[in-house]
C-alpha cells in the first residue's frame, strides 16, 4: 500500500509543483491550509483582482489530497474529498471553475442551488473534508443569501469538515451579519431593561439568526489569510501609483455628457498607435445612446459593440455575444483598428477576455456609483493581473479605488507573519475607510428577497427628532453637558464619543476610529478630517461634511421634516433602524488616510468656525448630534413597494451579468 500511496502522492505533487501554479499561489494555499489547524474550521482568503484565486483553489485541493492517510488516498471511494461552491448561480462560472480545477481529481464543483444534490450524489458515504466557497462577497449583505445552510451542514452532519472562503473583496461579508448580531443583542438588553418580554424574545431570536448567518461563526474560530502577489502583478494600487486612474464625479460619470474626462478618453484613443480596445460600462438603458455617441465621434459602426442580451432600448441585431466580440477583436488586430465594447454590467475578464486582450486594452470607463467591491470587481478589476500593459487608463470612482488600495495596504501590513484573527480591528478599519473615502459600503453583495424576507435596502424610514451642537471638552472630565441638553440618550452618546476620542491616552491624531460593540454601535459616528471638511472633491450628494451639517441643521431649525436616513449614511451591513443617534465630529484629532491631499486635519480655525455658527464655546473638537425621531410608515411602505414580488419567486440581482433584466431562479 505504501508504494501505491507514494505513486498517488507523486501525481498530486506533480500538479502542485507544475507550471500551471505559481509560487505565490502555492504560498497562499499553504498558508491557508496551515491556518486550518487545531480548532480553526474556517479561513477567509483575500486575494487581489485577477491574482490567481483559481490557482490557489487548485493548490488547496492538492494539499487536501496529500493530507490523507495512506489507506484513504489509496481508496478510490474516498477520492472525492473537496467541494468547491460557486456562489453565483451562473452556468458560465460553473463551467469555468470546472476547467480551472480539472487537474484536481478530488474536487466536485457545485453551487448553492445544487449543494444538497451534489453532496448526496458525489460523496456517497464519504462526506467532504474541505469546502471551498468562491466569490464569498456575494450574498454578504444583510438581506442576502446566507451561508447558514453550509454552516448547519458542517455543525450537524459533518463536524470534521473545514471551509475556506475566497474573494478579492470579502470585507462586507465579514461583518454584515455581525452588525445585525450586535444590534439585536443591544435591542435585547434594552427590552429586558424595560421589562418588554416579547420584544426581548424577538431580539434574541434575531441575534441567534444573525449568528448563524455570519461567516465569522463564533465556534469556527475563523482566520483571515491575505494572498500576496509577486512583483510582476499589476493591480489597483499600481494603477494609482502610476496615475493611471482618473476620477469620475457626478458631472462626468455619464459618458453621454461632454466633460474633460470624456475628452481625455477620446484623446487617448486618437493617440494610441495600432489595434486596441476600450471597455465602457454605462447605466441601464443608455447602451444604444452610448454607441451612437462613439459613432458620432468618428468610430465605425462595425467597431462599436454592445455586449449583452435582452437590454432595454437595444434592438436584438445590435447586441454582440462575448465570443463574437473576441472574433471581432482578432480581426481588428490584423487591420490595426480599435474596438469599443459597451456593457451595462461588469465583465468577468477571467471568463470573457484572454491575456492578449488585456495586453491591448487602451482604457476602461465605468459609471458605477456604489460600493468598493462593485467598482473594483468591474472594469478596473478586469485590467488587473499578470501582464505587461502599464499604459491602459481607467476612468472610474477614484475614491473607491483608493479605498480598495488602503484596505490592501492594511491587510498587507496586518497579516504579514500569520493568518489574522483580529476581526474587530479589521471591522473598525473597514468602517472608517467607507467614511474616509465617501463610498457606499464595501460590498454590493448578491441580494435576494422573497415574501418571507424583509425588503431589500435601507427602506425602514425614520424622521429626525432634533439636534444639538456641543463642544467636546476632552480635557475637562467634569464638564456639565446638561447645560446644552438634558436628553439622556444624547448625553450617553456624548459620553461614548468622548470615550472613543480619549482612548489610548488620547486625545491624539488618528486616521481610524469607530464605535465598536453592541453598547456603542447604536451611535453612527462621522469623523470629519481636513480632507472631508470642506473639500468639494470629497462632497457627497448633500455636499461636503460642513455643507451637509449646515443644510441639515437649518432644515431642522426651520421645522422642516428631515429623514434620519439621509443623515445616517449607512455603511456596509448597516441600516438606519439600527441607529438611534448620528454624530458628526469636527476635530483637529481626525486625520485623513488618503495620499496626496492638500489638508490632512482640520485646523482649530475650522473647528471654531463651526462653533461660531452654532453659538457654542470655542474648542478643538465639537459634536453635532442628531436624534432619531418617529417611524415614517408611509415612506417605508413606498420604499418597500419597489421590492414586492410574486409569491413563489426569488429574484437575484447579479452585477456580473450582461442582462439588465432580473432573472428568476429557485433558491432552496
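Details
- Share of pairwise Cα separations in segment 1-58, more than 15 Å, in percent: 58 percent
- Value of relative contact order over segment 462-637, rounded to a whole percent, pairs C-alpha under 8 Å and six or more apart: 37 percent
- Taking the Cα atoms of segment 462-637, the ratio Rg/Rh between the radius of gyration and the Kirkwood radius comes to 0.94.
- Shape of segment 236-409 from the C-alpha gyration tensor: rounded (a/c under 1.5, with a ≥ b ≥ c the square roots of its eigenvalues).
- FRET efficiency for residue 6 and residue 159, using Cβ-Cβ distance with R0 set to 35 Å, rounded to 0.05: 0.70
- Multiplying each eigenvalue of the alpha-carbon gyration tensor of segment 263-356 by 5 and taking the square root yields semi-axes of 20, 17, 12 Å, largest first, rounded to whole angstroms.
- In this structure, residue 554 and residue 267 have a Cβ-Cβ separation that, at R0 = 35 Å, corresponds to a calculated FRET efficiency of about 0.25.
- Mean-position separation - Cα centroids, segment 1-42 and segment 582-612, in angstrom: 50 Å
- Peptide packing for 93-103, 476-486 was compared via the average number of neighbouring C-beta atoms within 10 Å per residue; ordered from the highest value, the list is 93-103, 476-486.
- Entry note, segment 236-409: relative contact order of 33 percent, from Cα contacts under 8 Å with a spacing of 6+ residues.
- The packing ranking, built from the mean of other Cβ atoms within 10 Å per residue, places the peptides 311-320, 220-229, 246-255 in the order 220-229, 246-255, 311-320, highest first.
- At R0 = 25 Å, FRET efficiency that the Cβ-Cβ distance of residue 192 and residue 630 yields, to 0.05: 0.55
- Scattering curve values for segment 29-68, log₁₀ I(q)/I(0), Debye with Cα scatterers, q = 0.14, 0.20, 0.30 Å⁻¹: -0.32, -0.62, -1.11
Computed from the coordinates by the stated procedures, all read-outs in this text should not be read as laboratory data. Just so we're clear, the structure is a prediction, and the values are computed from it rather than from any experiment. When we count neighbours, we look across all protein chains shown, and the Cβ atoms used for this are built from the backbone with ideal geometry, even at glycine.
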